[in-house]
Every structure is written in structure tokens, then in C-alpha cells.
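A quick write-up on the structure given underneath.
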Protein chains: 2
Amino acid sequence: VSKGTYHHGDLRRAIVRSARKLIEERGPHDVSLRAIAKGAGVSSAAPYHHFDDRTAVIAAVATEGFRELTDRLGLAPTGLQDAGPLQRLQDAGIAYVCFANDNPGLFRLMFSGLLSERSRYPDLQEAAAAAFAMLGELVGENLARPPGEATDALVLTAWSTVHGLAVLLIEGRLDVRQTNEDAARLTREVTRVLGRGLRSYSRPGRDGG
Amino acid sequence: VSKGTYHHGDLRRAIVRSARKLIEERGPHDVSLRAIAKGAGVSSAAPYHHFDDRTAVIAAVATEGFRELTDRLGLAPTGLQDAGPLQRLQDAGIAYVCFANDNPGLFRLMFSGLLSERSRYPDLQEAAAAAFAMLGELVGENLARPPGEATDALVLTAWSTVHGLAVLLIEGRLDVRQTNEDAARLTREVTRVLGRGLRSYSRPGRDGG
């Protein structure tokens, strides 16, 4: 495929798709703009139609990742209107951990220090904030009434818990197969403990489960 | 310093120290055996007196990391015999997160997929297992009696929670300064929720903490 065959938006998408594939295969450190262009079947100069540099392409891949993560977190509860808050928290946790398991290279990139200068990439910043806001909603649902303590601490706990599990799983630190079935089983166990901790803040004396 | 000036054990230690310093500065991917030898002030052949290859040196650094982590986890509760179990869990959590914050490159290495063939390195395997066992003890202390559910799930929850927080902190994903003061504050908040979740398994109807 030569450069000329892409429409404007298609070229951008092809470059991001190629970069994502390479990041998944090799990790973000070993991906050059030349390799990205080659993977997309375009000239080495073509990426510059849409991106300032290599890091801008990688930021676009991470942005796509945060949008997909938000979608998957959002779908988990919406699909189960009659489920209790714990089940929705568990389903969202499973969505988070399975997203990491399905896209380990992308997930590592999204949370790496590589893109710590996020202010340079407003789309990325917005997409990451949207994922975090979605997580906050899910935690809020697990609180029958506003807790005495700052909700921020509860959201951070939930995020840390599913994030830690996701990282330990994809880096092969747990003695399980890295299948989504095992990921879901572990996430269900871990979010059950988490859910009890969260609810203890809003329903004193109760011990639901 | 020339090669001849090292005693046997000192040479090994000097090589591990040099590797650790380079891993902290550059990450494990960009550290060559040549650079490690140079940093230790020895010939490029000297590391082969003690190590088969570059990965074996890196495994020795990770082993040292797990031993230090275990020591720091163990010191946290021992120092406070009269503290309650929640405070010991919090102190150990703080030790875990601050260890990561003090040694981000080492911490990334210890939990990277880079050393997934741990069976090749029995010392590393043993050191990692000891750290995990220490975590299990700390979680056990937070359970007044054996829970109905598998304790494994509770240990995994605790590990995921502090590990997730450590990773999010060192990769700059939290809107805080990466100081040990901020790390301790966040860990205290997160382990408070965790502790409540853990205790709900062993003390039905109670809501301590």
C-alpha cells in the first residue's frame, strides 16, 4: 500500500494501528517511527502529516487505550441494571483486569512513566481523566451514603487494588494461567474484599457481602 | 580500582552494586555486562567469575531487592509490638510503598516479566517467596480467626492493593509529590479501607478500625 492510497483520517488510523501492534509486540521503547511507518505501509515521512514526533504517535495509542478501557468499564455495569452494586464493582474490576490481560503492552504503556508529560497531550489527559471518573462512579455506587472520610481515598483504594492485580497478573507474578477466566476468578475474590471495605464506610454496623 | 584488588566475595558484591546502580539509573533493558563491569572498575571478563551471564547478575540484584523488601516489611511490625493489627498492616504497607518509592528501578525489575524464568534462579525464587510469606503473616494478623473463605484471596487482595498503589505512585500517575511523606499518607488511607475489608471476614457484625 502506498502513501497515496490513504484518505486523511485513514492514514492517521493506520499509523496508530501499526504503532499499537508494534508496542504490543516489542514494548514502547523499541518502536521507531520508521518501523511504525513501515508497518502501516507508508513512507517514513507520512507520519509527520499527523504527528510531531514518535512520542506523539505513542501518546495517540495510549489515548485510544484509555478510551477503550473507559468503554469496557462503562459497559460492565450498564449491561446489568438489576445487579447489586458489588456485582457491578466486580464486573468493572473484571473488565479492568481483562483489558490489561488482553492488551499487556498497551496497558504497560498507558501507566508507564513514558508519558508523564501528559500536559503536552490534552487528548490523552482527557481520556485518562474519563477512565478515572468512571472508576469513581463505580465506587460511589458501592457507598449507600457519602462516607465520613474523603471519597477520594476510597476511589484510590479501588483503583490500586484492581491495578495491582492487573500488573501482577500480566507480569506473570501469580501462580495462575494468564487466561481471562483465571483473571475473572481472582478479580471476583479481590473485589469482594474490597467491596466489604468500601461499604464499611457507608453502612456502619452492617456487614453485607 | 583494578580487578586484582577485590577479594572473592567483594568482587561479587561490587558487581551487584554496580548493576543495581545502573538499573536504577537506566532501567534493566539498557544495562550491559560491559557497563556493569566498568561501573565496578573491573575488566569485562571479571563478572564471569561469579555469573553465567547478564541475566544472572540482574537476577542477583532482584534477589537483593526481595531480601531488603522482606526486611523492611518485617521491621515495620516488630518495631511496634503494642500496636494493633491495623496499624501493623498500615506500617507494613507504608514500608512496601516507600521501598518502591526509594528504589523505583529496582522495584520495576523485581516485578517485571524480565525474570519470569525464576526457576533458573533458586535464590531469587526463595527471596520472592519469603517476601510473599511475610505479607501473608501480616494479613493473618488482621484476621481474628481463620476466615470461611480461603486466606489466599485475602493475601492477594492486600498484595494487589499495596502493589497497585506503589506502581501508580512511582510511575507518576497520582497527583501527589513522590515523597515518602505523601506515599505514607496515601498508604495509610488505602490500607484503612483494606483492613476493614479483611476484618469483615473474621469478625462478622463488627466494624472496627
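Take the residues of segment B:153-169 that are touching a residue at least 12 places away in the same chain (Cβ under 8 Å) and touching a Phe, Trp or Tyr at 6+ places or on another chain (Cβ under 9 Å): which is farthest from the other protein chains (Cβ to nearest Cβ)? Show your work before the answer.
Start the filter on segment B:153-169 by keeping residues that are touching a residue at least 12 places away in the same chain (Cβ under 8 Å), which leaves B:154-155, B:157-159, B:161-163, B:165-167, B:169.
Subset that is touching a Phe, Trp or Tyr at 6+ places or on another chain (Cβ under 9 Å): B:154-155, B:159, B:162-163, B:165-167.
Working: B:LEU154: 6, B:VAL155: 10, B:TRP159: 7, B:VAL162: 7, B:HIS163: 4, B:LEU165: 4, B:ALA166: 8, B:VAL167: 6 Å.
Result: B:VAL155.
Yes/no matrix, rows are residues, columns are (1) over 22 Å from the mean Cα position of the chain (by Cα); (2) at pLDDT 85 or above:
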{"position": "A:LEU138", "(1), (2)": "no, no"}
{"position": "A:ALA144", "(1), (2)": "yes, no"}
{"position": "A:GLU149", "(1), (2)": "yes, no"}
{"position": "A:THR191", "(1), (2)": "no, yes"}
{"position": "A:PRO204", "(1), (2)": "yes, no"}
{"position": "A:GLY209", "(1), (2)": "yes, no"}
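Considering segment B:115-132 alone, what residues qualify as being at pLDDT 90 or above, of a type in the set (Gly, Ala, Ser) and open to solvent by 40 Å² or more (accessible area, probe 1.4 Å)? Break it down stepwise before answering.
So the first thing to find is which residues in segment B:115-132 are at pLDDT 90 or above, and the list is B:121-132.
Those left that are additionally of a type in the set (Gly, Ala, Ser): B:127-131.
Hits for segment B:115-132 are B:ALA129, B:ALA130.
Restrict the check to segment A:161-177 and report whether at least one residue is surrounded by fewer than 16 Cβ atoms within 10 Å (Cβ to Cβ) and either assigned to a helix (DSSP H, G or I) or modelled with pLDDT of 85 or more (or both). Show your work before the answer.
Initial filter on segment A:161-177 (surrounded by fewer than 16 Cβ atoms within 10 Å (Cβ to Cβ)): A:175-177.
This time we only want the ones that are either assigned to a helix (DSSP H, G or I) or modelled with pLDDT of 85 or more (or both), so: A:176-177.
Among the residues of segment A:161-177, at least one is surrounded by fewer than 16 Cβ atoms within 10 Å (Cβ to Cβ) and either assigned to a helix (DSSP H, G or I) or modelled with pLDDT of 85 or more (or both), which makes the answer yes.
Just the residues that are closer than 22 Å to B:ALA128 by Cβ, open to solvent by 20 Å² or more (accessible area, probe 1.4 Å) and part of a loop (DSSP other than H, G, I, E, B), please, taken from segment B:28-62.
Selection gives B:HIS50, B:ASP52, B:ASP53.
Looking at B:LYS21 and the list (1) surrounded by 21 or more Cβ atoms within 10 Å (Cβ to Cβ); (2) part of a helix (DSSP H, G or I), which single condition is not satisfied?
(1)
The values are calculated or read from the model by the stated rules, or taken from the named source; none is laboratory data. Computed from a prediction, not measured in an experiment: that's the story for all the values here. Ideal geometry is used to build each Cβ from the backbone, glycine not excepted, and the neighbour counts take in all protein chains shown. What goes into the accessible areas is simple: the full protein's heavy atoms, side chains included, and nothing from ligands, DNA or RNA. Shrake-Rupley method; radii C 1.70, N 1.55, O 1.52, S 1.80 Å.
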